[in-house]
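*Asks:* What follows is a structure written as structure tokens; I'll ask about it next.
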Amino acid sequence: MAFTIQNLINKFTSSRRSFASTGPFGLVPQELLDLIIASLANDKASLLSCALHQPVLSPPLTLVVSSPSRAKELTKLLRSSREMFTSSITGITLVGDVSFENIPTSGKSPRARSYRKLLDVLKAKGIMLHSGAVENDSSLVRILAQYFPDLTNLKVSCGSYQDIPGFMHAVSGSFPRLAELCIERGSLGMDIPDAPLFGLSSCRLSVPCLRTLRVVGWNNELVRWLGDNVVGTLECLELESASVRSTCRVGEAIRLIQGNMETLKDLRLISVKRDAAFDLSGLVHLQNLEVASGMRETELALRGWILPRSLKRVYVRNVRAVGSDTKEGILFEGASLQGVLGI
């Protein structure tokens, strides 16, 4: 009989082994499951059919809660949903009010109450969230931490630079297992990039397991503070300027972090000015470097840079390239990298 995905599903679905323990797909190697999902990536109907048979084939779901009414709809849906659906939920995004006045949501506000009811249902269903995101309102970070303190991935989106201290105070000490943190400045903030962040210096960031940090739309005061607080654990850092015309001084930011981020293995600099040249020699454990600049000739982007001998891979692309597709840039490794390092 010709091999088909449906035959495989039927075979293991008919197994008498209890799904509660290992499941019918507990017999299938993970590599084969990956191939099954990859083969159905462009066939949504078949992928949905397989997902209805076995939750292990369901893509991870992230709930986006943008308003109290949306929270009520999701709460009602989850209360009547089967485990096959809820087991696919791995993340949640809580969106606060968009306000230039930066007034945190009251714990007794309609928005907070509706969000708490939704989180109550998620908790009662035994759903284990791995990732979370909070937009516009730092008080929602504390609410999320009360229900799911074991998140390993968190993204906070601030409407203004002046919102950042409030978010950092809320994050600190709230997620002891947090490994990845993204700090993003939203598009609503009209303040200048070098504006002082009042209240940030009094916060001591406590994230003992942090390994990856991504900062979008940053200024040097924030980078200096991060360099003083994220010590001894960070392995991957990404700094993305608001644009290649940003007044943030990337060179100064790198100088600020080199002394305190010696464990850094991966560094990504996004939206770097076309005439930039930096000294990275202090990052003695750096293995991977990615640079996205405004230069059309990407091979000239590293001219004048001082790079550590520990590097194993350097990828240079134009800032307009999408993602890290090596077809859109130049990858240096092996012999070509030795030439860049002058070895």
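The values are calculated or read from the model by the stated rules, or taken from the named source; none is laboratory data. None of these values were measured; they are calculated from a predicted model. With ideal geometry, Cβ positions are generated from the backbone for all residues, glycine too; neighbour counts draw on all protein chains shown. Please note that ligands, DNA and RNA were not included when accessible areas were found on the heavy atoms of the full protein model with its side chains. Shrake-Rupley method; radii C 1.70, N 1.55, O 1.52, S 1.80 Å.
*Asks:* Which order do the peptides 232-240, 64-72 come out in when sorted by mean C-beta neighbours inside 10 angstrom, highest first?
*Replies:* The most tightly packed comes first, giving 232-240, 64-72.
*Asks:* Name the residues whose placed amide hydrogens come within less than 5 Å of the amide hydrogen of Leu178, ignoring near sequence neighbours (fewer than 5 apart) on the same chain.
*Replies:* For Leu178, whose amide H was placed from the backbone, the distant partners under 5 Å are Cys209.
*Asks:* Another question about this same structure. What pairs from Lys125/Lys265; Lys72/Lys265; Lys72/Lys155; Lys117/Lys265; Lys108/Lys265 go past 32 Å between their alpha carbons?
*Replies:* Details: Lys125/Lys265 39 Å; Lys72/Lys265 44 Å; Lys72/Lys155 23 Å; Lys117/Lys265 41 Å; Lys108/Lys265 44 Å.
Correct reply: Lys125/Lys265; Lys72/Lys265; Lys117/Lys265; Lys108/Lys265.
*Asks:* Can you tell me the order of 73-80, 131-138, 109-116 when each peptide is scored by its average per-residue count of other Cβ atoms within 10 angstrom, highest first?
*Replies:* Highest-to-lowest ranking by the protection proxy: 131-138, 109-116, 73-80.
*Asks:* Run the 1.4 Å probe and let me know the accessible area of His169, rounded to the nearest 10 Å².
*Replies:* 80 Å²
*Asks:* According to a simple spin-label model (label point 7 Å from Cα along Cα-to-Cβ), what is the distance in nm between Ser109 and Ile330?
*Replies:* That separation, rounded to one decimal, is 5.0 nm.
*Asks:* Taking amide H positions as placed 1.01 Å from N in the peptide plane, with prolines and chain starts having none, which residues 5 or more places from Val64, or on another chain, fall under 5 Å of its amide H?
*Replies:* Placed amide hydrogens put Thr93 under 5 Å from Val64.
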